[in-house]
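Since the structure comes first, as structure tokens, the remarks are kept for the end.
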Amino acid sequence: MRKVWLIVLLCLILGYIIQLCIPSKINESVKNDVYTFCSKNGYNTEYCFLVDFSKHSGKNRFYIYSFKENKIIHESLCAQGLGVNKNIFKSTFSNEINSNYSSLGKYRVGELRKMSNPYFGKGYNVYGLDATNSNALVRGILIHNGNVEFETFPLPCVPVSSGCFGVSSSMMKHIENIKKQTDKPILLYAYK
């Protein structure tokens, strides 16, 4: 019986690793909608940040997308707000203050600031642009470094937050480089 469970476990791990090797794709309608919004509203039309919350938290789902190259140029795990119920098996989204859930919608990525928790260092303010995320600034939602495992953890994990976009250290470096290259605001779009 132990051999059967070991084989099942190894097959699951292998299947997960194979899925990680399959390149991520962005839905065409998402790309078109985001580009249209960016061009109409004076946002950066070279890059945007996308978060696909339909993907499991153990998979890369925070993307830097290049409109110019028409591809994802960097991707990372992204934490999801665990919420007040702390149910890791149910994806819930909320804009309510103190809900500790993530919010869907469009955000303007703001300035880098020091966080109150020194473990995470610095994070980027995000400003909610939709009714579904209008309380983002009041709620203290940021893009910031997640745990160390976000960079190297090989198995499905459950990166959780209090609603912030916790990403890998390498993703934070890419975001910083892109923010330095532009005077225009950058759009982050979280969808499911």
N95 vs. criteria in contact with a strand residue (DSSP E or B) (Cβ under 8 Å, 6 or more places away or on another chain), surrounded by 18 or more Cβ atoms within 10 Å (Cβ to Cβ), more than 18 Å from F62 (Cβ to Cβ) and modelled with pLDDT of 95 or more: yes
F89 in contact with a His (Cβ under 8 Å, 6 or more places away or on another chain), at pLDDT below 95 and not in a helix (DSSP H, G or I): no
Subset tally (residues that are open to solvent by 60 Å² or more (accessible area, probe 1.4 Å) and modelled with pLDDT of 95 or more) for region 54-67: 0
Candidates N95, N44 - the one that is in a loop (DSSP other than H, G, I, E, B), in contact with a helix residue (DSSP H, G or I) (Cβ under 7 Å, 6 or more places away or on another chain) and farther than 17 Å from V160 by Cβ: N44
Filter pass, I64 being assigned to a loop (DSSP other than H, G, I, E, B), hydrophobic (A, V, I, L, M, F, W, C) and touching a helix residue (DSSP H, G or I) at 6+ places or on another chain (Cβ under 7 Å): no
Selection from region 111-148 of residues that are in contact (Cβ under 8 Å) with a residue 40 or more places away in the chain and touching a Pro at 6+ places or on another chain (Cβ under 8 Å): G146
Single unsatisfied condition, K106 versus (1) surrounded by fewer than 20 Cβ atoms within 10 Å (Cβ to Cβ); (2) within 13 Å of A190 (Cβ to Cβ): (1)
Residue count for region 136-192, restricted to those that are assigned to a strand (DSSP E or B), open to solvent by 20 Å² or more (accessible area, probe 1.4 Å) and modelled with pLDDT of 90 or more: 2
Residue pairs meeting the criteria (Cβ under 7 Å; at least 6 apart or on separate chains; first modelled with pLDDT under 95, in region 28-53; second surrounded by fewer than 13 Cβ atoms within 10 Å (Cβ to Cβ)): F53/K192
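The values are calculated or read from the model by the stated rules, or taken from the named source; none is laboratory data. These numbers were taken from a predicted model, which means no experiment stands behind them. Please note: Cβ atoms are built from the backbone with ideal geometry, for glycine as well, and neighbour counts cover all protein chains shown. Accessible surface areas use protein heavy atoms only, side chains included; no ligands, DNA or RNA. Shrake-Rupley method; radii C 1.70, N 1.55, O 1.52, S 1.80 Å.
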